[in-house]
Amino acid sequence: MTVASGVTEDAKLESVSLHPLGRRGAAMALPQEQEQEQEPLCIFGTGDLGRSLGLRLLQTGCRVVYGSRRPHSCGPLPQGAQVMSHEAAAKAARLIFICVHREHYTFMETLAPYLEGKVLVDLSNNLKKDMYAEANAAYLQRLVPGATVVKGLNTLSAWALQNGLLTGKQVYLCGNSAEAKQAVVEVASKMGLTVLDRGSLSAAQELEDFPLRLFPEWRLPLRVAVGLAAFFYFYLLIRDVIYAYVEQGKDISYRIMVSLANKVFPIVSLVMLSLCYLPGVIAAFFQLYRGTKYKRFPNWLDRWMLCRKQMGLVALGFAFLHAIYTFIIPIRYSVRHKLISRVVDENNKTTPFDFNYTEAWGTDSFYVLGILGFFLYVLLGLTSLPSVGGSLSWREFSFIQSKLGHLTLFICTAHGYIYGWNKFLRASTYKWYTPPGYMLCLIVPSVVLVLKMLLLLPCVDRTLTRIRQGWERAQSMETGENKATNL
């Protein structure tokens with residue numbers, strides 16, 4: 001043993017001394033040899049997704065081999081990757097990424113002996129939901145029972161992989177083997193991905209539906225916003241443009257593009273903002289009525305509350321449009337023509353133009369409330385960003401979203417009331433006996449603010465706070481009865 005050990009050490013020293021760069025060169029050559037011995041990652045599929053995934057893996061320092069039906073005519077692949085037959089590629093790697101469509105899975109049945117004990121990562125998606133009775137990953141596991149199938153990384157696109165837009169991006173995976181999932185997590189982490197484990201392979205159907213979703217949280221808010229915008233647009237079109245043409249013979253159709261739209265945007269914005277806070281108020285009254293927080297809300301209220309953030313952002317978008325449209329008002333031809341005509345009329349008058357202090361106060365108050373409301377709108381929108389909201393404590397986030405949110409609603413509602421403070425009692429305001437749009441839009445926010453004030457009453461607020469801390473009215477009554485029985 002001693003002689004053999006000495007011979008081995010002499011051989012090592014001799015090999016180091018014979019190296020062109022001496023000991024330093026040998027030390028530098030060692031990592032290269034280890035890199036060559038690194039186990040490769042295999043990719044089945046040489047399409048856009050397979051090539052993009054291979055390119056990204058090569059950039060992270062991994063060895064990549066492709067398995068292809070036509071190894072010699074499969075098209076250009078990332079530089080540094082090897083391509084071979086499916087059998088040879090399956091033998092060379094333990095972790096295999098499946099980047100082919102479900103309808104081509106059958107070829108893997110013939111590869112079952114070579115895939116024994118391998119980890120197959122299924123990246124496939126379908127064209128529509130419920131396209132097949134079972135998930136693609138479950139189907140693959142049934143075809144190759146000797147392998148371990150992990151469903152994951154299927155939310156990645158070839159475009160994102162090619163452009164390196166992966167840092168911090170969340171991806172999902174599921175599988176029945178914790179060891180197999182851990183191997184996939186290690187590779188995904190090297191690519192800069194954040195992996196969320198969704199459990200066993202039974203969750204594969206859910207993961208395969210993720211890429212098919214089209215803004216699910218935004219559908220209800222967008223439908224409500226589009227419905228409100230369409231209703232108020234045609235309502236104001238009838239009240240303003242058509243009424244003027246029918247009753248007064250005036251053609252003011254030019255107002256359709258800017259004036260009419262600039263009335264619709266703030267109306268929809270204010271209603272959407274109030275709808276953002278109305279479900280919280282309704283939920284509070286549900287808890288007060290039931291005397292507990294442990295009963296589920298109705299499904300419609302649950303769905304409503306889950307999309308409050310999106311409703312608020314849609315409201316902010318309409319507020320932005322209102323602000324932009326307001327800025328362009330002075331440069332419009334109709335406004336400049338009206339202003340010049342008024343100046344000419346005043347010059348021809350013998351009496352001077354009187355300054356109306358009431359109108360000046362009303363106009364300034366209207367603009368100031370609009371500016372403050374828009375500022376708070378933007379502040380609420382910024383705190384909804386994950387990067388900003390994540391840096392706030394729960395109390396800070398709750399204060400901004402609740403206290404400042406209701407303050408924003410109050411200021412914007414006051415902005416609307418001051419707009420029509422001297423028009424509510426005028427008969428000319430109600431064209432064809434219909435109220436103007438700004439009156440209709442004040443109904444919902446006014447109801448929300450009144451209900452919120454009721455919840456802020458000390459006796460109501462005290463009871464609601466106790467309920468949200470776990471107190472139950474029924475349990476309290478049972479305790480009282482037990483005490484009475486004991487007496």
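Miscellaneous remarks
- The criterion of at least 1 residues that are within 19 Å of the chain's Cα centre (by Cα) is met by the following helices (runs of 4 or more DSSP H) wholly inside segment 170-285: 204-209, 219-236.
- Residue check, Asp345 part of a loop (DSSP other than H, G, I, E, B) and either modelled with pLDDT under 85 or closer than 25 Å to Phe265 by Cα (or both): no
- Considering residues of segment 351-390 that are surrounded by fewer than 10 Cβ atoms within 10 Å (Cβ to Cβ) and among the hydroxyl-bearing types (Ser, Thr, Tyr) only, the residue modelled with the lowest pLDDT: Thr351
- Within segment 385-407, one or more residues are of a type in the set (Phe, Trp, Tyr), touching a helix residue (DSSP H, G or I) at 6+ places or on another chain (Cβ under 9 Å) and more than 14 Å from Leu270 (Cβ to Cβ).
- Ala323 vs. criteria farther than 26 Å from Pro221 by Cα and either in the same structural domain as Asn422 (by TED's automatic domain parsing) or in a helix (DSSP H, G or I) (or both): no
- Restricting attention to segment 88-104, the residues that are within 15 Å of Pro71 (Cβ to Cβ) and surrounded by fewer than 19 Cβ atoms within 10 Å (Cβ to Cβ) total 3.
- Against the list (1) surrounded by fewer than 18 Cβ atoms within 10 Å (Cβ to Cβ); (2) over 22 Å from the mean Cα position of the chain (by Cα); (3) assigned to a helix (DSSP H, G or I), the condition Thr292 fails is (3).
- When Thr155, Thr167 are checked against the criterion of being farther than 30 Å from Tyr114 by Cα, among the hydroxyl-bearing types (Ser, Thr, Tyr) and part of a loop (DSSP other than H, G, I, E, B), a single residue qualifies: Thr167.
- Qualifying residue in segment 215-229 (condition: farther than 30 Å from Gly437 by Cβ and among the β-branched types (Val, Ile, Thr)): no
- Contacts under 7 angstrom Cβ, first residue in segment 49-71 being within 16 Å of Ala89 (Cα to Cα), partner part of a loop (DSSP other than H, G, I, E, B) and among the polar types (S, T, N, Q), 6 or more apart: Arg63/Gln38; Tyr66/Thr46; Gly67/Ser85; Ser68/Thr46; Pro71/Ser85
- The set of residues from segment 416-468 being charged (D, E, K, R), in the same structural domain as Met272 (by TED's automatic domain parsing) and touching a Leu at 6+ places or on another chain (Cβ under 9 Å) comprises just one member, Lys452.
- Check on Asp345, surrounded by 10 or more Cβ atoms within 10 Å (Cβ to Cβ), assigned by TED's automatic domain parsing to the domain that holds Leu451, farther than 30 Å from Ser253 by Cα and acidic (Asp, Glu): no
- Qualifying strands (runs of 3 or more DSSP E) (wholly inside segment 76-140; at least 1 residues being over 21 Å from Val171 (Cα atoms) and touching a residue at least 12 places away in the same chain (Cβ under 8 Å)): 82-84
The values are calculated or read from the model by the stated rules, or taken from the named source; none is laboratory data. Treat the numbers as computed from the prediction; the structure is a model and nothing was measured. Neighbour counts are summed over all protein chains in view; Cβ atoms, including those assigned to glycine, are modelled from backbone coordinates with ideal geometry.
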